[in-house]
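Trainee: Below: one structure in structure tokens.
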Amino acid sequence: MITRDLKIGRRSFVIGSAAAGAGLALGLKIPFGAGVVRAQDGSPEINAWIVVRPDDTVVIRIARSEMGQGTLTGLAQMAAEELECDWSKVTTEYPTPGQSVARKRVWGNFSTGGSRGIRESNEYVRKGGASARVMLVQAAADGWKVPASECSAANSVITHKPTGRTTTYGKVAEAAAKLTPPADVPLKDPKEWKIIGKSVKRLDTIDKVTGAQVYGADLKLPGMLNATIKECPVFGGKVKSFEADKIKSMPGVRHVVKVGETAVAVVADTWWQAKTALDALPIAWDEGPNAKVTSASIAETLKSGLDADQAFVRTQVGDVKAAIAGAAKKVEAVYAYPFLNHAPMEPMNATAKYTADKCEVWVPTQNGEAAFAATLAASGLPAEKCEVYKINLGGGFGRRGAFHDYVTQAVLIAKQVPGTPVKLLWTREEDMVQGRYHPVMQAKLTGGLDASGNLVGLHLRLSGQSILAAVFPQNLQDGRDNATFQGLDPSGDFTLGYTVPNLLIDHAMRNTHVPPGFWRGVNINQNAIFLECFMDELAKAAGQDALEFRRKLMTKHPKHLAVLNAVADRAGWGKPAPQGVHRGLAHMMAFGSYVAACAEVSVTGDKVKVRRIVCATDPGHAVNPAQIERQIAGSFVYGLSAVFMEECTVKDGRIEQTNFNSFDSMRIAQMPKVESIIMPSGGFWGGVGEPTICVAAPAVLNAYFNATGKRIRTFPLKNHGIQMV
């Protein structure tokens, strides 16, 4: 198993989890699984989430993946809250997906995406801590021969209240491990929380600062070889031929192998030797039928969907056609949003070792179970002969979630070098041209205003790719991809925050050969721009203030309105801005949270300075406010970089952008001041990492219009000669 110090020997999960001493491992029932697992000394494990060592160190097991977003610390806070342990002695480790499967998915869902890490696992993680606390207290009470009701726990110390006797968790762990777990255990009222809701320091910071953190690209194993790979640059193409003899004598080269039907890899002593040889390898590609596709041809395909008769309807209220036809004023606009690459700093990589009896993979992944499934499929071995060891990610953003092509490749390469660990590391160029891209999308919005400037009808037609059709077609609803409508839904985690008497929202599905993927924030990115910029266009046509125009449509959406009002009040909306400064608003509900932003910009010629963004979020509960602030600021880097300077274009069937010189990101000096308003209203669990990304761009675009009178509807802004300074 992988722990924070990456001691990943061949020991079993159980021994690895208790390596520091015979400890307590506690576990829950469904969805946690049944069955007895034994600790190193043979004592039974009771609960899968908590290990207590004799020195009172508490090890909290985290199934979700840490990739900079703080999930590891947040989940540990929730378990520690109910455990009543000493936070200064908390550490964490990853369980392996292979052992989770063997134990009937005892740790639940490993997937870390869609801002689900905390909002979906909060209850059973807290119950893991609560159950452990009850058993530890019971063990102490049994030793003292007193009722457990006379005992209390705090800071890893158990106290017998009538006598004042005390003991520590580490001293009673052995006894607690032998107890029957409680059938059910109540959780604290949020008013009682002492660790949840506090801005505790992250548990992974020290290793990152000191360089002790090992990422997949850093991993070294005894006898390991290194590989890199080239796949046909045109999606849908395959390998025609390659001349291995031309490079076999190059320094360090061990193997030149075909990987599936679409790729060629070189295995060498060092990665640079592998890359140098692969660059020199003559490869002939069969580029297939997509070799003539261009961005222009894709755009035409999407354009045809804007007025097509057939479309998948998500929301239909009233008679939109009649309402718009009878409106006093009609407003229409067409927007377009490009392909985008995830571009994490750490390119795709995985290390695999294959024998006929065992296949092991070490991989930075957002979903250990999906990586495990890819390992099984590629190796051809049963689950009990495979294992995946998770490593912290050098960036994920969705690329390492549903997609494990790099794991499949690593295993297929290792099968051709049996018994030897092989680390596959993509080049930056391979990472750029073999992505799973943010879907390309166009939108046509048509609104009707009555004589008083009220919105009486709105039709929002989307035309573009479906991620689910490409990745999870089984999740389509009668052919419709509901994820396409994020932020525009009639109910749920992505509810539209406006009430319009006549409303039609639909999607003309137009899929391309470029594979789409879940890019941080997913479809809220373009949908927020389409909707919130058009709301400003409608307000302008109605001759009304943008905030007041929205408020009239939001009376039935109090939580949406609360965050919008919060940013408007903090930013001083309605009051004079400093000379040369212009403001813009946007709001959205995404991943179960309500978010809003007010941006302030200055414009000089073609140069835009984003000076300040006030952001509000209501995630229901705020586990670590400092980390939420960091996530808001980080999401704005991602969202603003995209709208100002990022796109992936297609020529001759392939992605043109191959490195950061053509797929840029904003710099520290360009970062605006970010003011965060965290306003948890309680009663629900919303996401944090992804929701706020979507409001930065439309708020800035609306502010840019207010500064210049120019409405930009296609992106990135660099294509219009607009620079971020």
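The values are calculated or read from the model by the stated rules, or taken from the named source; none is laboratory data. Quick caveat: nothing in here was measured; it's all calculated off a predicted structure. Glycine also receives a Cβ, built like all others from the backbone with ideal geometry; neighbour counts cover every protein chain displayed. For the accessible areas, the whole protein counts, side chains as well, though only heavy atoms, and no ligand, DNA or RNA atoms are used. Shrake-Rupley method; radii C 1.70, N 1.55, O 1.52, S 1.80 Å.
Trainee: Round to a whole number: what % of the accessible area of region 43-194 belongs to carbon and sulfur, probe 1.4 Å?
Mentor: Looking at region 43-194 in its full context, I get 50 percent from C and S.
Trainee: Which entries of K353/K390; K275/K358; K353/K423; K89/K194; K89/K161; K104/K188 have Cα-Cα distances beyond 19 Å here?
Mentor: Table pairs above 19 Å Cα-Cα are K275/K358; K89/K161; K104/K188.
Trainee: Using r as the Cβ-Cβ distance of A626 and A322, and R0 as 56 Å, what FRET efficiency do you calculate, to the nearest 0.05?
Mentor: 0.60
Trainee: In bins 5 Å wide, starting from 0, what share of all Cα pairs of region 206-303 does each bin hold, as a percent?
Mentor: Computed distribution, short to long bins: 2, 12, 17, 14, 13, 12, 10, 8, 7, 4, 1.
Trainee: Using a 1.4 Å probe over the heavy atoms of the protein chains, calculate the carbon and sulfur portion of the accessible area of region 256-360 as a whole percent.
Mentor: In region 256-360, the share of accessible area belonging to carbon and sulfur is 54 percent.
Trainee: Starting from 0.36 nm per residue, how many nanometres of slack lie between L187 and V313 once their C-alpha separation is accounted for?
Mentor: 41.2 nm
Trainee: What distance in nm lies between label points placed 7 Å from Cα along the C-beta direction at K710 and D569?
Mentor: 3.6 nm
Trainee: What shape does the chain take by its C-alpha gyration tensor, where a ≥ b ≥ c are the square roots of the eigenvalues and a/c under 1.5 counts as rounded, a/b above b/c as prolate, and the rest as oblate?
Mentor: In terms of gyration-tensor shape, oblate.
Trainee: Take D545 and A333, extend 7 Å from each Cα along the Cα→Cβ direction, and tell me the distance between the two endpoints in nm.
Mentor: Going from the D545 label point to the A333 one covers 2.0 nm.
Trainee: Using a 1.4 angstrom probe, figure out how much accessible area the chain has per residue, in square angstrom, rounded to the nearest whole.
Mentor: So the chain comes to 37 Å² accessible per residue, rounded to a whole number.
Trainee: Identify all lysines with a Cα-Cα distance to K710 below 21 Å; exclude those on the same chain that are fewer than 8 residues away in sequence.
Mentor: K329, K330, K444, K540, K607, K609, K718
Trainee: What percentage of the solvent-accessible surface of region 509-619, computed with a 1.4 Å probe over protein heavy atoms, is contributed by carbon and sulfur atoms?
Mentor: 52 percent
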